[in-house]
Structure formats: C-alpha cells, structure tokens
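Just so it is clear, none of the values below were taken in a lab; they were calculated from the coordinates. Nothing here was measured: the structure is a model prediction, and the numbers come from that model. So basically every Cβ, Gly included, is an ideal-geometry build from the backbone, and we count neighbours across all protein chains shown.
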Amino acid sequence: MHELAIATELFKQVEKIIKDENLNRVISIKLKTGKFHQIVPEAFDFAMEVITKGTKVEGVKMIYNEVPITIKCNQCHIQNEVKDFYFVCEKCGLSDVEIISGNELMFESMEVE
Amino acid sequence: MEIKVLENILKVNDQIALEIRKELKKYNILALNMIGSAGSGKTTLLEQTIPRIKDKINMAVIEGDIETTRDAERIKKFGVEVIQINTKGACHLDAHLVQKAIKSFNLNKIQFIIIENVGNLVCPASFDLGEDFKVCVLSIPEGDDKPEKYPKIFRESKCVVLNKIDLLSHTNFNRENFYKDMKHINGKAEIFELSALKGDGVDKWCDWLLKQIKIKSGEPK
C-alpha cells in the first residue's frame with residue numbers, strides 16, 4: 001500500500017517537469033527501485049492509474065528496474081547480496097553490516113511527447 | 001523524446017527532513033519517530049513514558065493521526081507541549097507536516113521530541129522525518145511473524161519495543177522465533193519487552209531513552 005504514497009510523490013515531480021518543459025504527454029516512466037522498498041509493480045501501476053486519470057500522464061507505461069540489496073561487512077569488509085532479508089555477513093555471520101545498494105527509489109527518466 | 005531525470009522520488013520529503021535534522025542539531029534536540037500498527041500501544045507507551053521522564057528533561061510530542069485530536073488530548077493531561085497533526089487520509093506523516101509542527105515549538109526550551117506516527121508498519125518506513133532514530137512498537141497479539149513480513153521498518157529501527165508482554169501466555173506468539181528473525185533482520189536493534197498498560201519494563205526503556213537524550217545533548221553543536 002505504500003506504492004500509492006510513493007507514486008503520489010513521483011507524480012508531483014512529473015507534473016512539475018510537464019509544466020516547466022511545456023510537454024503534451026508522458027508515454028513511459030523508468031524507475032530504479034531498491035528491493036529494500038518492496039515495491040510491487042502491479043500495485044504501483046494501479047496507483048499510477050488512479051493518480052494520473054484525466055492528466056497528461058494518463059495511460060503511462062511504468063518500467064521498473066529492481067536493484068538487489070547488497071551489504072558490506074564492517075568487520076571483514078566483504079560485500080554480499082542479501083537474500084530473504086538476511087542482513088548478516090556471509091563470511092563472519094555478524095550483523096555489523098551496512099546497506100550499500102538496494103535502498104534506491106530513483107526516478108530515472110521519462111519518454112515524452 | 002527521452003528526458004533524463006535521475007532524482008530520488010522522495011527528494012522533496014528528504015530535503016525537508018534534512019532541514020529538520022539541521023535545525024534540531026542546532027539545539028541538540030533528540031527526535032524519535034515512533035512507528036507501529038494501529039492498536040500496538042504507541043500512545044499508551046507515551047502515557048507511561050512521559051510521567052517518568054518529564055521532570056528530568058523538557059519534551060514535546062507530535063501526534064500523527066488520520067483524524068481526531070484524541071491522542072493529543074491524552075498527552076496534554078501530562079502538561080507537556082503537544083501538537084496533533086491530522087493527515088486527512090494519508091497513511092503516514094511526512095517531513096513537511098512535521099516541519100510545520102516543529103516551527104511552533106520553542107526549541108530553546110526542549111531537549112526531546114517524540115513523533116508518534118500514524119498507525120501503520122508500511123508507509124511510515126519510507127518517509128524520513130528528520131528524526132535521530134526510529135522506534136518500532138510491536139505488540140504480542142500482532143504475532144511473531146511481523147519482522148519478516150515488514151523487514152524495512154524492523155531493519156531501520158534503532159530500537160524495537162515488544163509491547164503487551166503480559167499477554168504472551170494468552171497468544172501463540174513465539175518469542176524464540178521473534179528473536180531469531182530479529183537477529184538476521186536487525187541484529188543491532190535494542191529490544192525492550194514491556195507492558196505499557198501495566199507499566200512492567202517501562203523503567204528500563206525510559207532509562208535507555210534518557211541515555212540517548214543525554215548523549216545527544218552532549219554532542220558538539
């Protein structure tokens with residue numbers, strides 16, 4: 001359900017660009033979504049459909065590029081990908097780790113007319 | 001035509017959160033963002049916490065709810081400054097709403113702000129409010145599977161309060177599973193078991209809070 005809250009923030013940015021650039025229509029929007037945010041594309045699509053009704057963004061195609069979660073161990077300094085939310089270093093087994101990717105919520109680009 | 005944007009989707013919120021953080025740093029005020037499901041006992045925990053600490057430090061409370069001023073009225077009775085934010089349908093507080101509330105406080109006179117978020121384990125986890133850290137309140141009847149189901153908030157919280165511990169024997173909550181899951185989701189989190197209704201375990205939580213406030217107030221400005 002947080003898809004609606006995030007989509008609303010995205011739409012504000014899109015509307016500003018439409019106004020600033022005097023655009024007619026937005027065809028597609030590319031996002032980079034870190035897995036940590038647990039964005040469900042279908043839910044995000046639905047949120048966008050509701051929010052954009054009657055605007056220049058209506059009917060937009062959303063393109064999602066999901067980024068896996070990677071952590072770095074503060075003790076052994078090795079990096080490993082996080083599966084099933086195991087924020088634990090695969091070498092030493094400790095939790096003294098930092099997330100280095102997978103926390104992105106990036107509005108990358110949009111295709112416009 | 002393609003337009004490159006390369007912006008954080010939540011950039012407006014995050015910029016304001018940064019402003020809040022800078023402003024609070026000027027006064028060395030500790031701010032806590034309390035997140036938990038509706039009915040997990042966040043306001044009840046505040047009702048136990050405030051009388052235990054309010055003579056030691058000056059504090060203020062921001063109450064977030066979709067509607068009503070009921071929570072703010074519960075807090076007002078303790079004589080601390082409180083502001084109610086009604087989000088009118090939004091399932092989370094955002095930095096803009098919190099900044100407006102903070103502007104109405106006399107920051108020279110307070111050392112601690114508790115922000116009680118809207119009851120929800122999902123959306124509040126995405127919105128930075130400029131706090132020093134998040135506290136997640138989970139209550140026993142919600143079940144031991146919640147950290148695995150909502151890993152973002154349990155991962156990002158510095159501390160987890162396991163509330164309604166007095167109900168443990170009446171539910172199928174498996175404490176061992178809860179700790180096992182917390183270990184891999186957020187092995188560094190402080191965990192406090194308590195009953196906000198009865199007061200058991202609240203002193204230990206308050207001691208920890210006071211320690212955090214002291215650390216923040218002693219930091220260089």
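Worth a mention:
- Computed extension gain for B:His96 through B:Gln15, at 0.36 nm per residue and net of the alpha carbon distance, reaches 28.2 nm.
- Surrounding net charge for B:Pro124, when Lys and Arg each add one and Asp and Glu each subtract one, Cβ distance under 13 Å: -3
- Taking 16 Å as the straight-line reach from the Cα of B:Lys152, the lysines in range (excluding those fewer than 8 positions away in the same chain) are A:Lys35, A:Lys83, B:Lys134, B:Lys183, B:Lys188.
- Distance between the 7 Å Cα→Cβ label points at B:Phe105 and A:Asp45: 4.4 nm.
- Choice from A:Lys32, A:Lys12, A:Lys56 with maximal GNM fluctuation in chain A (Cα, 10 Å cutoff): A:Lys12
- Along principal axes, Cα extents of the range B:146-221, largest first, whole Å: 47, 29, 15
- Angle in degrees between helix A:2-21 and the longest Cα principal axis of chain A, rounded to the nearest 10: 50 degrees
- Counting only residues at least eight positions apart within a chain, or on another chain, the aspartates and glutamates with an alpha carbon under 16 Å from that of B:Lys103 are B:Glu19, B:Glu23, B:Glu63, B:Glu81, B:Asp94, B:Glu131.
- Per-residue average of Cβ from other chains inside 10 Å of B:7-20: 4
- For chain B, fraction of C-alpha pairs farther apart than 20 Å, in %: 58 percent
- Each of B:Thr43, B:Thr171, A:Thr70 has some number of other Cβ atoms within 10 Å of its Cβ, and from fewest to most they run B:Thr171, A:Thr70, B:Thr43.
- One equal scatterer on each Cα of the range B:1-121, no solvent, Debye formula: the resulting log10 I(q)/I(0) at q = 0.21 Å⁻¹ is -1.26.
- Ordered from longest to shortest, the equivalent ellipsoid semi-axes for the range B:87-172 are 28, 15, 12 Å, each the square root of 5 times a Cα gyration tensor eigenvalue.
- Span from the the range B:88-126 Cα centroid across to the the range B:146-221 one, whole angstrom: 20 Å
- For the protein assembly as shown, Kirkwood radius (reciprocal of mean inverse C-alpha pair distance, Å): 21.2 Å
- The antiparallel fraction among DSSP beta bridges confined to the protein assembly as shown stands at about 35%.
- Antiparallel content of DSSP bridges confined to chain A, in %, to 5: 65 percent
- Working note: Cα gyration tensor of the range A:2-112, eigenvalues times five, square-rooted, sorted largest first, giving semi-axes of 36, 13, 10 Å.
- B:Ile50, B:Ile3, B:Ile113 arranged by Cβ crowding within 10 Å, fewest neighbours leading: B:Ile3, B:Ile50, B:Ile113
- Sequence of B:Arg175, B:Arg74 once ranked by neighbouring C-beta atoms within 10 Å, starting from the fewest: B:Arg175, B:Arg74
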